[in-house]
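Everything below concerns the one structure shown next.
Every number here is computed from the coordinates shown, using simple stated rules; none is lab data. Computed from a prediction, not measured in an experiment: that's the story for all the values here. Here the Cβ positions follow ideal geometry from the backbone for every residue, glycine too, while neighbour counts run over all protein chains shown.
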Amino acid sequence: MTLLRSFDVIGSGMSAQRTRMNVAAMNIANQNTTRTAEGGPYKRRDVVLEAVEIDGPNFSGALRAELERPQESSWGVAADEIVVADDDPILIYNPGHPDADATGHVATPNVSTIKEMVNMMSAARAYEAGTSALSTLTDMAEHALRIGK
């Protein structure tokens with residue numbers, strides 16, 4: 001794997017983890033939303049990740065020839081889709097609420113703050129590992145350039 005392709009692989013993972021953090025934050029922000037444009041309470045979202053083959057950046061000249069020479073495939077990760085959970089809402093008795101039904105119950109999102117914080121912390125740690133790998137790779141590239149002097 002070339003040095004530049006390594007940057008792409010690490011970047012793909014960091015991008016996917018950033019998407020996971022954003023979705024977890026969106027779930028937490030909407031945990032009390034009882035009315036949406038689609039009707040009903042907010043529904044929790046989750047990110048589906050998939051392995052993707054990394055083609056590498058498009059460069060011209062000698063660097064492009066280096067990237068186009070046959071080499072083994074490199075795989076990264078991407079956020080394939082954001083799915084809406086089909087969890088049943090939590091019913092809370094609150095007859096004075098504007099969204100209460102005839103029995104006085106309000107349908108609220110089935111979002112667990114603890115679960116979302118765990119998801120966010122997991123994504124943040126994975127993102128942090130990506131930044132550490134990126135830093136190490138940058139140091140390796142700098143040392144390689146010094147050797148050539």
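Worth a mention:
- Rounded to the nearest 20 debye, the dipole magnitude of the chain is 520 debye, with +1 charges on Lys and Arg beta carbons, -1 on Asp and Glu beta carbons, and the Cα centre as origin.
- R0 of 22 Å, Cβ-Cβ distance N32-T131: FRET efficiency to nearest 0.05: 0.10
- Degrees, to the nearest 10: 3-29 long Cα axis against longest axis of the chain: 10 degrees
- Paramagnetic reach from S73 (point 7 Å along Cα→Cβ, amide N under 18 Å) across region 1-45: 1-2, 5-6, 8-10, 12-13
- Crossing angle, helix 113-147 versus the chain [Cα axis fit, 0-90 degrees, rounded to tens]: 10 degrees
- Förster radius 41 Å - calculated FRET efficiency between A141 and R45, Cβ distance, rounded to 0.05: 0.65
- Helical mean residue ellipticity (222 nm; -39500 (n - 2.57) per DSSP H run of 4+; nearest 500) of the chain: -16000 deg cm²/dmol
- Between the labelled values [x] 47, 16, 10; [y] 25, 16, 14; [z] 22, 19, 14, the entry that holds semi-axes √(5λ) of the Cα gyration tensor in Å as derived from this structure is [x].
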